[in-house]
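Working notes, structure below.
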Amino acid sequence: MKLLTIVALLGAFTLVGCQKPVETVQDIRPVRTMTVGALHASSIGEVYSGEVKARHIVPMGFRIGGKINARPINVGDVVNKGQVLATLDPSDVRLTADAARAQFESSKAQLAQAELDYQRGKELLAQKFISQAEVDKRFTLLTAARQTFEQARSQSQLAQNQSNYAQLIADQSGIVTATLAEPGSVVAAGQAVLQLAKDGDREAVIDVPENKVKAWREGQKVTVSLWAGEQSDFEGVIREVAPAADALTRTYRVKVTLPKSDNIKLGMTLQVKQQADQKEILAGVSLPLPALFGKEQAQRVWLVSNIKGEQGVVKSIPVSIVGVAGSTVKVSGVQAGQVVVTAGANLLREGQQVRVLAGASHD
């Protein structure tokens, strides 16, 4: 009996010794992630449409009134400094100039006669043929003739200038952006005939609603995207924010200085987008709602670090909620370049190894 018991025990020890050691299987959970990157900056800030305009647009008009005789310039024409833009009927101004010139020549002759009479009077006074009173009278007439001559000369120069004003001449090179009067029209002095966009700086012009205008500041950098052409993104600087809203649209006009480029042409349609600095980026990172876990006032997210291949280790960090929009939430506390778990946050534990699923978002 004792022998059978000993044999049974030896058999049991033999079976236990032959079994393989139990291997511990590590729990590696698959997760979806997103990488917080510079592209988050593009999702921050408002985007507004506008157009390219010249910084200096000048209404061009005649300095005298009259009937437009010709206007060889049309919208879109490129003009050079000194080029004739339009002309008035020269008949009236030419007659006025001729009359003023004739008056000038008449006063010139009268002045010469008065000078001669005065010189003769002084000679006759020396010979005792006339009195001093007669000489004084001739001197007075000479003085009046001189004043009349100066007045006539000024009138002649003015009439000549007005004759030249019958031609509307470009004072700078530029592009005609609008025509406001046609040949045959009678215009008053100073009335605009056309608009000239002068060569030089170009700017983007947009209209911002009053509830957003506080975010736009002079000197702030923005990103400008043209709808046409290659390499259509440029960096601009806000030059001016209108101090008052438009009476009709109730929007504020914002002007953005653009860099010099052959790709930027007048009238092009564009979009202006605010640029966010690093603090603004971190304050507005958008994450899916499932990325958050924890209590209401102590929300956290999982970061994946030590990534080798498709595996990494998770670590939780606290975040602050900035705002919620639909199925996304904006949080602060996440830095650019960090990898955030976007699904399965409630099933993870601190320091757990995870496997990043293919197709995870890397924004």
Please work out if residue 205 is surrounded by 14 or more Cβ atoms within 10 Å (Cβ to Cβ), aliphatic (A, V, I, L, M) and either touching a Gly at 6+ places or on another chain (Cβ under 8 Å) or touching a residue at least 12 places away in the same chain (Cβ under 8 Å) (or both). yes
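Per-residue answers, yes or no, for (1) in contact with a Cys (Cβ under 9 Å, 6 or more places away or on another chain); (2) in a strand (DSSP E or B); (3) at pLDDT below 90; (4) open to solvent by 80 Å² or more (accessible area, probe 1.4 Å):
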| site | (1), (2), (3), (4) |
| --- | --- |
| 237 | no, yes, no, no |
| 244 | no, no, no, no |
| 253 | no, yes, no, yes |
| 256 | no, yes, no, no |
| 262 | no, no, yes, yes |
| 266 | no, no, yes, no |
| 286 | no, yes, yes, no |
Got at least one residue in the stretch 104-111 being of a type in the set (A, V, I, L, M), in contact with a Ser or Thr (Cβ under 9 Å, 6 or more places away or on another chain), at pLDDT 90 or above and open to solvent by less than 50 Å² (accessible area, probe 1.4 Å)? yes
Single condition residue 129 does not satisfy, out of (1) more than 60 Å from the chain's Cα centre (by Cα); (2) modelled with pLDDT of 90 or more; (3) not in a helix (DSSP H, G or I): (2)
Name the residues in the stretch 147-180 that are surrounded by 15 or more Cβ atoms within 10 Å (Cβ to Cβ) and more than 27 Å from residue 191 (Cβ to Cβ), would you? 148, 149, 152, 153
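Just to be sure, is residue 212 surrounded by fewer than 19 Cβ atoms within 10 Å (Cβ to Cβ), in contact with an Asp or Glu (Cβ under 7 Å, 6 or more places away or on another chain) and closer than 26 Å to residue 234 by Cβ?
yes
Among what's in the stretch 83-103 and is part of a helix (DSSP H, G or I), surrounded by fewer than 16 Cβ atoms within 10 Å (Cβ to Cβ) and among the charged types (D, E, K, R), pick the residue that is nearest to the chain's Cα centre (by Cα).
In this case the residue turns out to be 94.
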Please enumerate the residues belonging to the stretch 76-103 that are modelled with pLDDT under 90 and closer than 18 Å to residue 176 by Cβ. 76
Filtered residues of the stretch 335-362 (kept if assigned to a loop (DSSP other than H, G, I, E, B), at pLDDT below 85 and surrounded by 14 or more Cβ atoms within 10 Å (Cβ to Cβ)): 336, 344, 360
Could you check the stretch 140-167 and list, in sequence order, the residues that are part of a helix (DSSP H, G or I) and touching a Leu at 6+ places or on another chain (Cβ under 7 Å)? 145, 146, 149
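The values are calculated or read from the model by the stated rules, or taken from the named source; none is laboratory data. Quick caveat: nothing in here was measured; it's all calculated off a predicted structure. Don't worry about glycine lacking a Cβ; one is built from the backbone with ideal geometry, like all the others, and counts go over all protein chains shown. Side chains included, ligands, DNA and RNA excluded: accessible areas come from the protein's heavy atoms. Shrake-Rupley method; radii C 1.70, N 1.55, O 1.52, S 1.80 Å.
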